[in-house]
Amino acid sequence: EGRAEEEGREWGERPSAPTLVEDWGGGVGSRSQRIGRKDSVPPIFVCPITQEFMRDPCIAEDGYTYEREAIERWAAKSDRSPMSNQKMKTLRVIPNHALRSAIREWQTNHGPQEETAQGT
């Protein structure tokens, strides 16, 4: 009874889910600022190796999508997946045309983005 009133809602009304910004707090560059931005870059548009916005997304043998140049550099140094650590037999990459199209559409609707996801 008292808790509902303290939170400014009627008894029996479900509390709203807290946002990540409220839960994570923090200073400049913190996760809360990145996640809390209304127009932040969708995580799927960010290369897991470089943490940068992808321009040429490609699917590697491990099934994950990476920036082409980043996975090529990674494969020159290691035969293991940067995401799963599974051994990759080849550096065969396939352009991810669907993701590239989604990125371009998002850029058209949201304007140019900074290169790194951490600043967006």
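The values are calculated or read from the model by the stated rules, or taken from the named source; none is laboratory data. Because the structure is a prediction, the values reported are computed rather than measured. No Cβ is skipped: glycine too gets one built from the backbone with ideal geometry, and neighbour counts run over all protein chains shown. For the accessible areas, the whole protein counts, side chains as well, though only heavy atoms, and no ligand, DNA or RNA atoms are used. Shrake-Rupley method; radii C 1.70, N 1.55, O 1.52, S 1.80 Å.
Is it the case that segment 39-47 has a residue that's in contact with a strand residue (DSSP E or B) (Cβ under 7 Å, 6 or more places away or on another chain), farther than 17 Å from Trp106 by Cα and β-branched (Val, Ile, Thr)?
Our first condition is that a residue be in contact with a strand residue (DSSP E or B) (Cβ under 7 Å, 6 or more places away or on another chain); within segment 39-47, this holds for 41, 45-47.
From what's left, farther than 17 Å from Trp106 by Cα: none.
No, that holds for no residue.
Selection of first residues in segment 34-48 that are in a helix (DSSP H, G or I) and of second residues that are at pLDDT 80 or above and of a type in the set (S, T, N, Q), restricted to Cβ pairs under 7 Å at least 6 apart or on distinct chains, gives the following pairs, ordered by first then second residue: Arg34/Ser40. Applying the criterion of being more than 9 Å from Pro82 (Cβ to Cβ) and out of contact with any Leu (no Cβ under 7 Å at 6 or more places or on another chain) to the residues of segment 61-72, the residue that is most open to solvent (accessible area, probe 1.4 Å) is Glu69.
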